[in-house]
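Working notes for the structure below.
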Amino acid sequence: MNKSALMERAVHLALRGSFTTKENPNVGCLIYKNGKILSEGWHVSPGSNHAEVNAILNAESKFKESTKEVLKGSSLIVTLEPCSTERTTPPCTDMIQKYSFKEIIFLQSDPSQEGSNILKEKGFLVEKLNLNHSVLNNGFFKHLTLRKPFVRAKIACSMDGKIAFKKNNEKWITSQTSRKDGYFYRAISGAIITGSGTLDIDDPLLNVRLEEALNNKDFKQPIKTLITSKSQLDFEKKFFQDSSKKIIFTNNDDLDIHIDKTLNTEIVRVDSDVNKISIPSVLRYLGSISIKDVLLEAGPKLITSFIDLNLIDEYIFYIAPKVLGSKADSFYTNKNFESILKSPDLEIIEEKSIGRDLKLILRKKNVS
């Protein structure tokens, strides 16, 4: 196997942590020698061993006393530059230096670490591969540089960009297959954002019901966040009827703060921009509590506010093969759907059929 193919395997390993790393990056690692993968590992959850350490520990478990001899002259291939600082776990560079690896090959640089330079100084051959890695760690890197989360907007709509019937005579526009596919993005998010209009109209639960995530003992439900200016809320809504943590962002001093503690709900007062809740303040707060990825699932009013403020880093569209015309509401109230699809600031990351629908992912070319 060539280096690119081996790194693709390491990326696949990294993605095994998609539902559980949340605050930390997804990282995969493998050890390769003489045409064989000797050992593999990935980062599972915050506070646990990093991918390189897991790969080496797996090798030690497999080869016992002969581990150092077996790994001598092998290649350590990892998706993220090895860490060099001690936080909840020791530096990976310390563990790597215990073995005589022929080379260390990594995919993504970590500007917060000096692992590459340290290993070079210790005499290791270190190489960075230049491959497409858009699937990994967008939230981690945005938070690292800007202290703000990466914002995904999940939008189910018709071909003309409509998301809801005015008379509400049909609940779903896209297929069940699309809805199930969309649960993945909830599962990889640290928080889900919605507005009070969505609670009133749709009464969603907004939690993760993906078995692949729920069956993982390290999985935690994302924080459910509500942006509202209302003075009263209906706490009988499904949104509040589970044990997951919930945050209400409000600029209304009259909002009832006497919430039953069993609801696990916190109220956060945020600033106003022209009498509206400051969405940048909401994102800054989420960044301050180490939320790296958020998913926006909301109605036209809130989606339009995010778009107009240029706060959406990635759009995930599920487009049904139907045109709804004037009998339905658009997801974007200020311009038409085509203005988003043809934006020079966005690039198509994925385009494929999901059942009868089209799944289209657009991402900012420069996330900021």
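The values are calculated or read from the model by the stated rules, or taken from the named source; none is laboratory data. For clarity, every value in this text was computed on a predicted model and none was experimentally measured. Please note: Cβ atoms are built from the backbone with ideal geometry, for glycine as well, and neighbour counts cover all protein chains shown.
For every residue, the table says whether it meets (1) closer than 24 Å to Asn24 by Cβ; (2) modelled with pLDDT under 90; (3) assigned to a helix (DSSP H, G or I).
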position	(1), (2), (3)
Asp218	yes, no, no
Gln221	yes, no, no
Ser231	no, yes, no
Ser244	yes, no, no
Phe249	no, no, no
Asp253	no, yes, no
Thr262	no, yes, yes
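So, restricting to helices (runs of 4 or more DSSP H) that lie completely within segment 2-82, which ones have at least 3 residues that are farther than 16 Å from Met95 by Cα and aliphatic (A, V, I, L, M)?
Helices (runs of 4 or more DSSP H) meeting the threshold: 3-14.
When you scan segment 306-320, how many residues do you find that are farther than 19 Å from Asn138 by Cα and touching a strand residue (DSSP E or B) at 6+ places or on another chain (Cβ under 7 Å)?
3
Take Asn58 and tell me if it is at pLDDT 95 or above, surrounded by fewer than 19 Cβ atoms within 10 Å (Cβ to Cβ) and either closer than 27 Å to Lys220 by Cβ or outside the structural domain of Ile105 (by TED's automatic domain parsing) (or both).
Answer is yes for this residue.
If Thr88 meets every condition in (1) among the polar types (S, T, N, Q); (2) in a loop (DSSP other than H, G, I, E, B); (3) touching a helix residue (DSSP H, G or I) at 6+ places or on another chain (Cβ under 9 Å) apart from one, which number is that one?
(3)
Counting only residues that are among the hydrophobic types (A, V, I, L, M, F, W, C), within 13 Å of Thr225 (Cβ to Cβ) and touching a helix residue (DSSP H, G or I) at 6+ places or on another chain (Cβ under 8 Å), how many does segment 263-290 have?
3
If a residue counts only when it is surrounded by 13 or more Cβ atoms within 10 Å (Cβ to Cβ), over 23 Å from the mean Cα position of the chain (by Cα) and of a type outside the set (Lys, Arg), which helices (runs of 4 or more DSSP H) contained entirely in segment 102-194 have at least 1 such residues?
Correct list: 115-121.
List the residue pairs whose Cβ atoms are under 6 Å apart, where the first residue sits in segment 65-94 and is under 22 Å from Leu6 (Cβ atoms), the second is in a loop (DSSP other than H, G, I, E, B) and of a type in the set (A, V, I, L, M), and the two are 6 or more positions apart or on different chains.
Taking only residues 6 or more apart or on different chains, the pairs are Thr79/Val27; Leu80/Val27.
Collect the residues in segment 1-30 that are touching a residue at least 24 places away in the same chain (Cβ under 8 Å) and of a type in the set (A, V, I, L, M), keeping them in residue-number order.
Met1, Leu6, Met7, Ala10, Val11, Leu13, Ala14, Leu15, Val27, Leu30
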